[in-house]
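Here's the structure we're looking at; comments come further down.
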Amino acid sequence: MKLEIDLGQLWSNVNKMGRDKAKITLEPAPVNTGGSGSPNGSGGSGGPEGDGGGRSRQKHEPAVPIEGGALSEESFKIVEGPGGLLQKDGQQIMMYMPGHYPERFEKALQDGNDGNRMHVAFCIHLEKMKQNGNYDTKYFATQRIDDQFSIHDNKSDRKGHAALKVCKYCLNKLNYDGYAVPGRGKGAIFKDFSFEAFFERYASFFSSHPLREVPRTPQEKGYTKDWAEVSRRYRASRNYCCEECTVDLNDYQYLLHSHHVNANKQDNRNENLRALCIDCHSKQPYHDHMLVSVEDRHLIAQLRQRQNMPAPANWSHVFDLADPGMNGVMHFLQHNHAPIPVVGQDIQDESEAVVATLELAWPTAQLAIAITVEDAVAARQQGWNIFSVEQALATPEHVLGALRQSRFT
Ligand SMILES: [Zn+2]
Ligand SMILES: [Zn+2]
């Protein structure tokens, strides 16, 4: 028997395997540095906020933080994720080129603004790279949120860390904080951008996230020893209703948190506490990092509907109620004077089972924007005209056109 082996092919495969392995995790991403950077999880079991009844919804596989892994040609092609964001293995990532030319490398170490950009969406720049086939081994995936991105000098083996800045094409693509809307102030939006807040905003678009998984005791998070009891007593005194949107969470007490208004977690005076559903809580200043799942947000939206809470009367109310990941879409629609949508519209099938929850919906026009593919598919089967978040951002004129065509809105 004669075996013919193409050694070149074999080596290229071995190299590829080695590279693929290396990109899984090179060093653990220090996502939780210092007291202020503590994740809260969404009602993690035994957490200080929830009812401590172990009603954790962390049913997903623990995620491995992705840090500094070179993207292969194949993974570059499939990084486009929900909402126009970037993903790898179901997790949200950012992408950047760590290699800099010597002079730029020096400058980037001093000021991250002079270095390569961090891509947070599949922007026109990445699109171009993909078309040119100009990506292999150049782009790295990362989830670091501490502004310490590994960079290196292309001409030597010098390495360092730089506080690289976000790509403006990406902000434009996502319409982040209304970046693409005239008069919103591009400069300030760019300047105020935080990677941590960014990951939080879109947390419900991804099923697993490393920030969600790190378990911390109440004391590690800066709470007082008796916080669990203080929080329980306070929420009971408010009849387990959200003090912001008024949703009644008696049957889902783990979705109600006690929030420290002045951000001082040692200050447990009644006047410094507010009972907030996790949706409203995540939209407060000083809310201590929360990654709220799409399931939890939808559950709260359903409860608000069932409890006959009034539909939003203006855009500011829509922003209060909707998933923060819809931010770019909402800024666009508001700017273009779209009719006010319903937030979290339930869709039922013939047997009156809820088959989908639509984030922004115009029921009389049977038109909506959905976050998950499952919601979109189920709603289309019920005759709805559904746009995804990325479709709404990429071709907003189609959404407006459909709304204007409908004589019912
Ligand atoms: Zn970009
Ligand atoms: Zn609320």
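The values are calculated or read from the model by the stated rules, or taken from the named source; none is laboratory data. Being a predicted model, the structure only gives us computed values, none of them experimental. Cβ: placed from backbone, ideal geometry, glycine included. Neighbour counts: every protein chain shown. When the accessible area is computed, the model is the full protein with side chains, heavy atoms only, and any ligands, DNA or RNA have been set aside. Shrake-Rupley method; radii C 1.70, N 1.55, O 1.52, S 1.80 Å.
Look at the alpha carbon pairs under 8 Å that are at least 6 residues apart: their mean separation over the length of region 257-378 gives a relative contact order of 16 percent. Summed over all non-identical Cα pairs, the Kirkwood treatment of region 256-344 gives a radius of 14.4 Å. Given R0 = 22 Å, the distance between the Cβ atoms of GLU350 and GLU374 translates into a calculated FRET efficiency of 0.75.
Using Cα-Cα distances under 8 Å and only pairs 6 or more residues apart, what relative contact order does region 222-287 have, in percent?
The value is 34 percent.
Distance between the modelled labels on GLN405 and THR224, one decimal in nanometres: 6.0 nm (7 Å Cα→Cβ projection).
In a reduced charge model with +1 at each Lys and Arg Cβ and -1 at each Asp and Glu Cβ, region 75-203 shows a dipole moment near 360 debye about its Cα centre. Computed over protein heavy atoms with a 1.4 Å probe, the carbon and sulfur contribution to the accessible area of region 312-405 reaches 49%. Seen through its C-alpha gyration tensor, with square-root eigenvalues sorted a ≥ b ≥ c, region 61-211 comes out rounded because a/c lies under 1.5. Amide H contacts under 5 Å for ALA275: GLU243, HIS259, restricted to partners 5 or more places along the chain or on a different chain, H placed in the peptide plane at 1.01 Å from N. Structural descriptor for region 62-188: relative contact order 31 percent, calculated from alpha carbon pairs under 8 angstrom and at least 6 residues apart. Rounded to the nearest 0.05, the FRET efficiency derived from the C-beta distance between ASN336 and SER237 at R0 = 41 Å is 0.40. About its Cα centre, region 227-381 has a charge dipole of approximately 540 debye under the convention of +1 per Lys or Arg Cβ and -1 per Asp or Glu Cβ, with nothing else charged.
Here is the tail figure for region 312-405: Cα pairs spaced more than 23 Å apart come to 16 percent of all pairs.
Taking the Cα centre of region 312-405 as reference, the dipole from Cβ charges on Lys and Arg (+1) and Asp and Glu (-1) amounts to some 400 debye.
The alpha-carbon positions of region 83-157 define a convex hull whose volume is 113 Å³ per residue. Nearest 0.05, what FRET efficiency do THR395 and SER316 give at R0 = 25 Å with Cβ-Cβ as r? My answer for the efficiency is 0.45.
For region 220-288, the fraction of C-alpha pairs farther apart than 16 angstrom is 41 percent.
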